[in-house]
Amino acid sequence: MNADTDSTPSRDLDLSTRLAHAGRAPGSHAGAVNIPPYRASTILHPTLAAFLAPDPEYRSVRYGRMGTPSSHAFEEAMAELEGGCGAVAVGSGLQAITVALSAFVRAGDHILVTDSVYGPTRHFCDQMLARLGVETEFYDPGIGAGIAGLIRENTRLIMLESPGSLTFEMQDVPAIVAAARARGCLTLIDNTWAAGVFFKPLALGVDVSIQAATKYVCGHSDATLGVIVAREEACRMAVKQSAVMLGAAAGADDLFLALRGLRTLPVRLARHQETGIRLARWMAGQPEVRRVLHPALPDDPGHALWQRDFTGACGLFAVELDRIPQDALAAMLDGLSLFGMGYSWGGFESLILPAFPDRIRTAVPWRGRGTLIRLHAGLEDAEDLIRDLDRAFDRLRRTRR
Ligand SMILES: *Cc1c(COP(=O)(O)O)cnc(C)c1O
């Protein structure tokens, strides 16, 4: 890339090549490789004529909340990653979901949301959308083409997430998209697990792909950011208007960190994938482990769909252990030295926590009777992580003697 030119990388190039160059503009930034964070609330207008003319991009005033070179660069790069026509950046992954849902629904609508959806998405539908007169029906994530039987006259959209939060069920995305299109419903997906790298929902006809960029895109557990990528301009425009009306915007420093994270995303994900599969296989060999919930493992019920539609797996998966009382679980988890107990995954560090899907499911009761543990494989050495887990199982066994 020449220091004086700003160019968009060609789509024939490999993803890692495109992500090294997407959204960069050294020609407009004194030759700097990275776009500096634009910390801007006030955008000045040079003349009265410029002040009175609406900004062609937003059809509204120029204002920091509406966008800056930082948000434009990130949106351009994310559209490149997901293969969309454009993107909208907002302050968190959950905000990306709420802005996107708000863009398309009105009172009297019915929406279909997978029962395996991220918990706070469920709460937004049950609480906020219900209050605004939108009815949410949760569906079995394994429904596939059977979704056609749930689509009503007033069904506006179908929300997917594959694999599901906490429980990792794979969805038959093309089958659901086909049913939705036949009835004129939009499809939205939470694509955070695949980070936009291992799964390309827009290429399969999904209308809107949403990510918590907080997770792998930022990748260092130091920012919250959300992004909505649309397949077509009409959807992108509707989402942008929703973001503007709701006052949703992304912070300059978080955008800077996300753009920085994006450059190393494929490299990091390859390592998260490799370590995640190693840990999952090792876990499967422990006598206390009833099953491993990881779609890249051949005996996972979602493996065939994963193999058909995905090109890889991130470092997040779960295991179902025998039912373990809390004190034994504490003995196991509290003594870990490399795994932290925290929710927000996708950073360089490994995480572990108990999960309770049985408390939130409504469409299909969660049938696991054991203790569910969610793990995130970070960028540490896999053998070091396995030794840490091995000692945790020893502590667990000592409590059971
Ligand atoms: C973490 C997460 C979100 C929310 O992201 P935030 O940036 O924390 O709001 C949404 N969806 C999924 C699947 C997530 O894991």
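FYI, it's all coordinate maths here, none of it is from the lab. These numbers come from a predicted model, not from an experiment. Because the Cβ atoms are built from the backbone with ideal geometry, glycine has one as well, and the counts that use them run over all protein chains shown.
Think of the stretch 1-141 as having a plus end and a minus end, set by charges on the Cβ of Lys, Arg, Asp and Glu; of Leu48, Leu129, Ser70, Leu48 sits farthest toward the positive end of this dipole. A simple packing score, the average count of other Cβ atoms within 10 Å per residue, orders the peptides 270-278, 301-309 as 270-278, 301-309, with the highest score first. Remind me, relative contact order of the chain in percent, using alpha carbon pairs under 8 angstrom and six or more residues apart? Contact order relative to length: 16 percent.
For the chain, the longest principal axis of the C-alpha atoms and the axis of helix 382-400 are separated by about 40°. Pick from Val267, Val289, Val319: which residue has the top mean-square fluctuation in a GNM of the chain where Cα pairs under 10 Å get a spring? The residue with the greatest mean-square fluctuation here is Val267. Each principal axis of the stretch 338-401 carries a Cα extent, and these read 40, 36, 15 Å when sorted largest first.
Modelled spin-label separation between Arg387 and Gln127, with each label point placed 7 Å from Cα along the Cα-to-Cβ direction: 4.4 nm. Based on the alpha-carbon gyration tensor of the stretch 15-260 and its eigenvalue square roots a ≥ b ≥ c, which shape applies: rounded if a/c is under 1.5, prolate if not and a/b is larger than b/c, or oblate? The shape class here is prolate.
Close amide H pairs (under 5 Å, H built 1.01 Å from N) link Asp172 with Gly144, residues at least 5 positions away or on another chain. Here the extension length gained between Arg359 and Leu150 equals 72.9 nm, from 0.36 nm per residue of separation less the Cα-Cα distance. Springs join every pair of Cα atoms under 10 Å in this Gaussian network model of the chain, and among Thr17, Thr47, Thr264 the largest mean-square fluctuation is at Thr47. With a cut-off of 13 Å between beta carbons, the residues surrounding Asp309 carry a summed charge of +1, where Lys and Arg count +1 and Asp and Glu -1. Between Leu259, Leu297, Leu246, the residue with the greatest mean-square fluctuation in the GNM of the chain (Cα pairs under 10 Å linked by springs) is Leu246.
With a cut-off of 15 Å between beta carbons, the residues surrounding Val289 carry a summed charge of +2, where Lys and Arg count +1 and Asp and Glu -1. Between Ala284 and Leu44, the modelled label-to-label distance comes to 6.3 nm, taking each label 7 Å out from Cα in the direction of the beta carbon.
An oblate overall shape is assigned to the stretch 10-123, the ratio a/c of its alpha-carbon gyration tensor axes (a ≥ b ≥ c) being 1.5 or greater and a/b not exceeding b/c. Excluding Asp394 itself, calculate the net charge of residues whose Cβ lies under 15 Å from the Cβ of Asp394, where each Lys or Arg counts +1 and each Asp or Glu counts -1. Every neighbour counted, the sum reads +3.
Packing, taken as the mean count of other beta carbons within 10 Å per residue, orders the peptides 385-396, 106-117 from highest to lowest as 106-117, 385-396.
Among the trypsin sites (Lys or Arg not before Pro) found in the stretch 7-63, those both in a DSSP coil and sparsely packed, with 16 or fewer other Cβ atoms within 10 Å of their Cβ, are Arg11, Arg39, Arg59. Each of Asp253 and Leu338 was given a label point 7 Å from its Cα along the Cα-to-Cβ line. The distance between the two points is 3.1 nm.
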